[in-house]
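The values are calculated or read from the model by the stated rules, or taken from the named source; none is laboratory data. All of these numbers come straight from a predicted model, not from anything done at the bench. Cβ atoms come from the backbone with ideal geometry, glycine included; neighbour counts cover every protein chain shown.
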Amino acid sequence: MVPFAGWMMPVQYTGVIDEHRAVRSAAGLFDLSHMGEIEILGEQALSFLNYALTNDAAKLEPGSAQYTLIPYTDGTIVDDAILYRLDDRYLLVVNASNVEKDLDWLRHQALGFPAAEIRDVSDQTALVAVQGPCSEEVLRPLMDADVVTLGYYHATQAMVCGASVLVARTGYTGEDGFEIFVESGDATRVWHALLAQGKPLGLIPVGLAARDTLRLEAKMALYGHEISDQTNPIEAGLGWAVSLEKGDFVGREALERERRLGPARKLIGFEMLERGVPRAEQPIYKDGVQVGFVTSGTYSPTLNKPIGLGYVPTRFSRLETEIDILVRDRPIRARVVRTPFYKRERGASP
């Protein structure tokens with residue numbers, strides 16, 4: 001257990017490798033109650049969200065969700081988030097370490113939208129996730145909603161063990177899976193029910209360490225690593241979550257210019273060609289000169305090789321380009337590769 005954003009969080013339960021492989025082969029159970037939940041409602045909720053976020057919230061139908069970013073005026077990133085459109089409100093799920101900062105920024109941007117109301121419901125809301133190829137089988141007997149037909153990045157209200165929940169087909173692992181929003185007082189009961197139901201199928205609880213290796217294999221950005229107030233969505237490969245067509249929004253001018261001119265640097269994926277495991281903040285060299293830095297690195301339990309992400313000048317971002325990662329003051333050869341490193345097999349649910 002370690003302190004994280006004001007919480008005590010499990011780094012691991014039985015071991016990182018076991019937990020990682022359980023999610024890839026069967027299912028894992030995650031306690032994500034540290035995440036922040038912000039409700040936006042009122043007549044100007046949509047107008048405000050389309051001004052304060054990069055993606056186009058107008059495209060959301062009730063029960064659907066989208067990945068989006070909260071931008072600063074210079075186009076850099078306050079946070080990344082998932083926005084859900086519910087029947088009478090929107091739900092914005094943000095990173096635990098950024099909740100207070102996000103709220104301050106969003107409330108500042110909302111000054112021009114007096115009919116938009118922002119509510120922090122983080123303390124009243126717990127979040128648990130079931131991720132992996134067996135996740136649907138775990139949830140189906142416990143839910144009164146049809147999780148089989150629930151589409152990817154869609155959510156529905158349901159009952160589980162007498163608790164009212166919002167179940168969403170979303171996740172941070174690269175696998176099929178579900179995230180379940182539940183009132184804090186009901187969370188323990190739901191957690192134990194999921195654990196008991198899933199145990200015969202191979203489900204085990206999963207901690208922070210395996211969550212990180214899973215999301216890295218799937219090339220999912222982590223705030224403070226791949227994205228931050230020093231990076232923008234275009235160079236981070238998240239331009240698909242920026243809708244310039246929707247009209248004016250915070251940071252639009254800077255992001256339009258970045259897209260038009262092209263980013264000076266890009267986020268790359270790489271694999272090591274020699275012994276050595278890359279770690280965040282290690283320098284990246286090309287021809288003996290430092291040209292960038294590692295944002296995340298690990299030994300991939302799925303691929304059985306060391307992999308990483310990092311920023312380099314655009315001219316060094318082409319596939320097969322060889323670079324050096326400085327590991328313990330020693331340059332280790334690496335090669336730029338296609339990402340994501342891991343992708344669920346075609347035809348797999350959802």
Legend entry - Selected residue [assigned to a loop (DSSP other than H, G, I, E, B), farther than 24 Å from MET9 by Cβ and at pLDDT 95 or above] from THR149, THR68, THR170: THR149
Legend entry - Leading residue by the ranking (farthest from VAL94 (Cα to Cα)) among those in the stretch 158-175 that are buried (at least 19 other Cβ atoms within 10 Å of the Cβ) and either out of contact with any Phe, Trp or Tyr (no Cβ under 8 Å at 6 or more places or on another chain) or aromatic (Phe, Trp, Tyr) (or both): VAL160
Inset, instruction - Being touching a Ser or Thr at 6+ places or on another chain (Cβ under 9 Å) and surrounded by fewer than 20 Cβ atoms within 10 Å (Cβ to Cβ) is the filter here, so list the residues in the stretch 270-297 that pass it. - result: GLU271, VAL277, ARG279, ALA280, GLU281, LYS286
Inset, instruction - Working only within the stretch 13-49, note down all residues that are assigned to a loop (DSSP other than H, G, I, E, B) and surrounded by 18 or more Cβ atoms within 10 Å (Cβ to Cβ). - result: ALA26, ALA27, LEU32, SER33, HIS34, MET35
Inset, instruction - Sort out which residues of the stretch 11-26 are within 18 Å of the chain's Cα centre (by Cα) and not basic (Lys, Arg), and write them in order of number. - result: VAL11, HIS20, VAL23
Inset, instruction - For ALA210, work out the one condition from (1) crowded, with 24+ Cβ neighbours inside 10 Å; (2) over 24 Å from ALA5 (Cα atoms) it doesn't fulfil. - result: (2)
Legend entry - Total residues in the stretch 104-146, condition buried (at least 18 other Cβ atoms within 10 Å of the Cβ) and part of a helix (DSSP H, G or I): 9
